[in-house]
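Undergrad: I'd like to ask you about the structure that follows.
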Number of protein chains: 2
Amino acid sequence: MEKKAFQDYYPDDLSCCYGCGKHNEHGLQIKSYWDGDESVCVYTPRPYHTAIPGIVYGGLIASIIDCHSTGTAAAAKYRAENRAMDTMPPLRFVTASLNVNYLLPTPLDCPLEVRGRVKEVKGRKVVVESRLIAGGKVCARGEVVAVQVPEHMMPVNARQ
Amino acid sequence: MEKKAFQDYYPDDLSCCYGCGKHNEHGLQIKSYWDGDESVCVYTPRPYHTAIPGIVYGGLIASIIDCHSTGTAAAAKYRAENRAMDTMPPLRFVTASLNVNYLLPTPLDCPLEVRGRVKEVKGRKVVVESRLIAGGKVCARGEVVAVQVPEHMMPVNARQ
C-alpha cells in the first residue's frame, strides 16, 4: 500500500492548488513525505519546463520548493502538536515569503529531488529550508516562511 | 503597430522559456515593456492557476516576477550600453536569486500587473525590484538578481 503524501491530507476544498492540489488536473500535483527529519519530494519536469535549452525553468523550481515547503510546514505543525495528519481541525499553510538561490543550471532530463528541513515552528509560522538536487548535485536552495491559513479562510466543513 | 516586448528580441534558440519564451506553446508567454523608468508586464491568470479558492498560486507569481525581471535586466543592460535591443550580440539573463514577499492574497479574477525597477547594473549582474498589483493593491513584492548568460551557453548563431 502506498503511503499518503502530506498533500493527500489537505481538505478537498483546499486541494485545488496548481502546485500540489490533488484535484487540479492542470497542475504539478507534487507529493511530499517525511524521510526521518527531512521531507522529500521528487518531481520529473516535463520537456516544456525549460528555461534555456536543456535547463529547468527557475519558476518551476520555485513552485516545487514553494509547495513542498508549505506541505512540510503543515506536517511539521501536526508533529509539533503530536497529532496525526488525519485529525481535525486540518492545518493548511500558505507562503509569506519565498527565497530561492539558483546555484547551478538544473538539468531537465532527470528527476528533481527537493529535501526540506524545518528551521522553526513558532505559533502560526513555520520556516522551511530546502535544497533541490538533480543529477547528484545541489542545484538550488530555498527558504520559505509559511503561515497557517486563518480559520475564516478555511472551508466551513473543515472548521471545528 | 504593436511594439515589441523585451522577450521578442530574444534569439530564437533562447526563446523556449516556459515563463516567457515565444516558442513555448505550453508556457505563459509573458511580455514586458518599458514604461518610462519602470518595466511593466500584465498577465491574466488562467482559472486553474489557483492556490486556495479564488487566490492566485504563489508559484505563478514567482514565475511572472522571475521572467519579467530577467527581461528587464536584459533591457536595462542594453540601455546601459546605449544599444538598441535588436543589435548584436544579444543579451540574455538568467536568475541567480529570486525573493518574493506575499503581502496580500492575490485575487484570481483580474489581470496581474508587475512593475519593475532596476536597482543596480554592475558588470554581468542586474538587480531588479518589482511589485505585483492586482485589483488596485500591491499584493506581492519581488527582488531578482539576474546574471548575463555566459557566451559559451549562448547559441552559436547568436555569438559575435
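Undergrad: Would you point out which residue out of A:ILE30, A:ILE52, A:ILE65 is in contact with a Pro (Cβ under 9 Å, 6 or more places away or on another chain) and of a type outside the set (Ser, Thr, Tyr)?
TA: On the way: A:ILE30 fails: in contact with a Pro (Cβ under 9 Å, 6 or more places away or on another chain); A:ILE65 fails: in contact with a Pro (Cβ under 9 Å, 6 or more places away or on another chain).
So the residue among A:ILE30, A:ILE52, A:ILE65 that is in contact with a Pro (Cβ under 9 Å, 6 or more places away or on another chain) and of a type outside the set (Ser, Thr, Tyr) is A:ILE52.
Undergrad: Right, next: Considering only the range B:1-37, state which residues are in a helix (DSSP H, G or I) and buried (at least 22 other Cβ atoms within 10 Å of the Cβ).
TA: The answer is B:PHE6, B:GLN7.
Undergrad: Taking the range B:99-130, which residues are crowded, with 18+ Cβ neighbours inside 10 Å and among the aliphatic types (A, V, I, L, M)?
TA: Residues satisfying the conditions are B:VAL100, B:LEU108, B:LEU112, B:VAL114, B:VAL118, B:VAL126, B:VAL127, B:VAL128.
Undergrad: Just to be sure before I move on: is B:THR87 in contact (Cβ under 8 Å) with a residue 60 or more places away in the chain and open to solvent by 40 Å² or more (accessible area, probe 1.4 Å) in the structure I sent?
TA: Here the answer is no, as B:THR87 does not meet what is asked.
Undergrad: Evaluate the range A:108-128: report whether one residue or more is under 22 Å from A:HIS49 (Cα atoms) and among the acidic types (Asp, Glu).
TA: Within the range A:108-128, one or more residues are under 22 Å from A:HIS49 (Cα atoms) and among the acidic types (Asp, Glu).
Undergrad: Identify all residues within the range B:93-109 that are touching a residue at least 40 places away in the same chain (Cβ under 8 Å) and of a type in the set (A, V, I, L, M, F, W, C); write none if there are none.
TA: B:PHE93, B:VAL94, B:ALA96, B:LEU98, B:VAL100, B:LEU108
Undergrad: How many of the residues making up the range B:131-158 are of a type outside the set (D, E, K, R) and open to solvent by 60 Å² or more (accessible area, probe 1.4 Å)?
TA: Matching residues across the range B:131-158 total 6.
The values are calculated or read from the model by the stated rules, or taken from the named source; none is laboratory data. What you are looking at is a predicted structure, and each value in this text was computed from that prediction instead of being measured. Please note: Cβ atoms are built from the backbone with ideal geometry, for glycine as well, and neighbour counts cover all protein chains shown. Heads up: the accessible areas ignore ligands, DNA and RNA and are worked out on the full protein's heavy atoms, side chains in. Shrake-Rupley method; radii C 1.70, N 1.55, O 1.52, S 1.80 Å.
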